[in-house]
Amino acid sequence: IGHATRGEEAIVLAGELRPDLVLMDIQLGGAMDGIAAAQVIRTQLALPVVFLTAFAADDILERAKLTEPFG
């Protein structure tokens, strides 16, 4: 229902559109990456987030897991 290329934009769209699920890439443009945006979306909006990404670095994946994604 929406598409964002920046973390800040993703948060605004999620708040406005209230989707049932957010598909999030870890790498986004701007100062806020997908992990930080997912954390805000989960804690402030209580929306489930699933990460889709090509990143496989252990430190990045561990950081992503801290947001308690649905997948």
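The values are calculated or read from the model by the stated rules, or taken from the named source; none is laboratory data. Fair warning: this is a prediction, and the values are worked out from it, not measured in the lab. Cβ sites come from the backbone with ideal geometry, for glycine too, and all protein chains shown count toward neighbours. We work out accessible area using only protein heavy atoms, side chains counted, and drop any ligands, DNA or RNA first. Shrake-Rupley method; radii C 1.70, N 1.55, O 1.52, S 1.80 Å.
A few notes on this one:
- Among the residues of segment 38-54, those identified as surrounded by 14 or more Cβ atoms within 10 Å (Cβ to Cβ) and either more than 8 Å from VAL22 (Cα to Cα) or touching a residue at least 60 places away in the same chain (Cβ under 8 Å) (or both) are ALA38, GLN39, VAL40, ILE41, ARG42, LEU45, PHE51, THR53.
- Leading residue by the ranking (farthest from ALA14 (Cα to Cα)) among those in segment 31-51 that are out of contact with any Asp or Glu (no Cβ under 6 Å at 6 or more places or on another chain) and assigned to a loop (DSSP other than H, G, I, E, B): ALA31
- Considering only residues in segment 55-71 that are of a type in the set (Gly, Ala, Ser) and surrounded by fewer than 14 Cβ atoms within 10 Å (Cβ to Cβ), the one that is nearest to GLY2 (Cα to Cα) turns out to be GLY71.
- Considering only residues in segment 14-37 that are among the hydrophobic types (A, V, I, L, M, F, W, C) and open to solvent by less than 40 Å² (accessible area, probe 1.4 Å), the one that is farthest from ARG63 (Cα to Cα) turns out to be ALA14.
- Count of segment 54-67 residues which are outside any helix (DSSP H, G or I) and either at pLDDT 85 or above or within 11 Å of the chain's Cα centre (by Cα) (or both): 1
- Test for VAL12: is it β-branched (Val, Ile, Thr), at pLDDT 95 or above and within 9 Å of the chain's Cα centre (by Cα): no
- Residue within segment 8-17 that is in contact with a strand residue (DSSP E or B) (Cβ under 9 Å, 6 or more places away or on another chain) and part of a loop (DSSP other than H, G, I, E, B) present: no
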